[in-house]
1. Just one of 191, 212 is crowded, with 18+ Cβ neighbours inside 10 Å and closer than 20 Å to residue 143 by Cα; which is it?
2. Just to be sure before I move on: is residue 130 more than 13 Å from residue 189 (Cβ to Cβ), surrounded by 16 or more Cβ atoms within 10 Å (Cβ to Cβ) and either modelled with pLDDT under 95 or not assigned by TED's automatic domain parsing to the domain that holds residue 64 (or both) in the structure I sent?
3. So, residue 46, is that one in the same structural domain as residue 127 (by TED's automatic domain parsing), closer than 25 Å to residue 440 by Cα, touching a helix residue (DSSP H, G or I) at 6+ places or on another chain (Cβ under 8 Å) and in contact (Cβ under 8 Å) with a residue 40 or more places away in the chain or not?
4. Out of the residues in the stretch 136-150 that are surrounded by fewer than 16 Cβ atoms within 10 Å (Cβ to Cβ) and within 30 Å of residue 407 (Cβ to Cβ), state the one that is nearest to the chain's Cα centre (by Cα).
5. Return only the number of the condition from (1) surrounded by fewer than 20 Cβ atoms within 10 Å (Cβ to Cβ); (2) in contact with a strand residue (DSSP E or B) (Cβ under 7 Å, 6 or more places away or on another chain) that residue 425 does not satisfy.
6. All but one of (1) assigned by TED's automatic domain parsing to the domain that holds residue 111; (2) surrounded by fewer than 22 Cβ atoms within 10 Å (Cβ to Cβ) hold for residue 266; state the number of the condition that does not hold.
7. State all residues of the stretch 289-308 that are farther than 17 Å from residue 252 by Cβ and either touching a strand residue (DSSP E or B) at 6+ places or on another chain (Cβ under 6 Å) or assigned by TED's automatic domain parsing to the domain that holds residue 206 (or both); if no residue qualifies, say none.
8. Among the residues of the stretch 15-24, is there at least one that is more than 19 Å from the chain's Cα centre (by Cα) and over 23 Å from residue 411 (Cβ atoms)?
């Protein structure tokens, strides 16, 4: 047990040979949360295939059950399991008899706050040590304007007691920072609000909520605004219909075996059934600019989301300048992009990374500290990260990375360890279960060397 009371599992990553195979990664985490919520807000039965069965998503499923919906786990094992949600309809959830523990899930917590904000029930949201440090005011501020009464810990942090309003007001909210979670919380609150609720974004964020809302029958429009902004509007009290949802593989999870393949000589990999929503493909665009050999094959549509197979071959990468405008489309992928940059030729600069400061950890600082410890030269300048790539030379490694309860930091540095002179350890690999159950077995099945007993 660590000082915060959680079970830890150190992992060790050693230099590997070629990676080869054909895989599927777990379902998209963002879509999985939203599919469960949409099912709960629909009268009748919604079926979900490909649901991410990680700890974060299971926290959302458990929360919805406490709020009166039924989430039915299928029997057996395997990738073809079909989950069922028996919904209560818009405004039909009931008050939970206990606190809602969201574990490490910022997405689940923020989206569910929007759901209950326009229903006259009181909900207490709690979370683990990491989630309790993350800012929630960006969500609670607009929900207060819609009429919810919210009591939060200093700084707007969990635990939060939210009493929803029986008389919600539609708002037009201009987001101060790009955040799909904030936008989605407001849209979900707008479902049970009369009139039109609108969110204005300077840079459009991922639109999984909008696509699912439309898939279930809600009236959602996306319009260009002044100065390049985007206006997303929803009409209250729609007639939602139960739907089947097929969750594609998570491109944020695919990023780890993808980058590992690029960095390992003579490697070839196919990642099947990956979501390629154009507002999520910033990493693919950046890696291609760096010279990565990535082919997008068998493009198709599933449940309103574009899906494809990714064919990847090892490539010598060249440094690039990544503009701040790309951040919303790859905010979760910067840690593993920094790993790729560490082995590229030249100096890569990534701009607009302030949002990394308030993820599961301060990811900007964690990435810089970990790379420095591995012998990679980096600099942080306000919200930019500069990584001086080693090219053909291997980083030295030989250290233990502090993950700060952050699954993406853990996986990123395990990928780096596959290309270092000496093994790289992470202090806790258990946290990877929040988003990528089976990560170690999948990587080792391709030829990686990730172990629990040391190199």
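The values are calculated or read from the model by the stated rules, or taken from the named source; none is laboratory data. Treat the numbers as computed from the prediction; the structure is a model and nothing was measured. So basically every Cβ, Gly included, is an ideal-geometry build from the backbone, and we count neighbours across all protein chains shown.
1. That would be 191, the only listed residue that is crowded, with 18+ Cβ neighbours inside 10 Å and closer than 20 Å to residue 143 by Cα.
2. Numbers: more than 13 Å from residue 189 (Cβ to Cβ): yes; surrounded by 16 or more Cβ atoms within 10 Å (Cβ to Cβ): yes; either modelled with pLDDT under 95 or not assigned by TED's automatic domain parsing to the domain that holds residue 64 (or both): yes.
Judged against the criteria, residue 130 is a match.
3. Working: in the same structural domain as residue 127 (by TED's automatic domain parsing): yes; closer than 25 Å to residue 440 by Cα: no; touching a helix residue (DSSP H, G or I) at 6+ places or on another chain (Cβ under 8 Å): yes; in contact (Cβ under 8 Å) with a residue 40 or more places away in the chain: yes.
No.
4. 137
5. (1)
6. It is condition (1) that residue 266 fails.
7. Of everything in the stretch 289-308, those that are farther than 17 Å from residue 252 by Cβ and either touching a strand residue (DSSP E or B) at 6+ places or on another chain (Cβ under 6 Å) or assigned by TED's automatic domain parsing to the domain that holds residue 206 (or both) turn out to be 290, 291, 293, 295, 297, 298, 299, 300, 302, 303.
8. No, there is no match, as no residue in the stretch 15-24 is more than 19 Å from the chain's Cα centre (by Cα) and over 23 Å from residue 411 (Cβ atoms).
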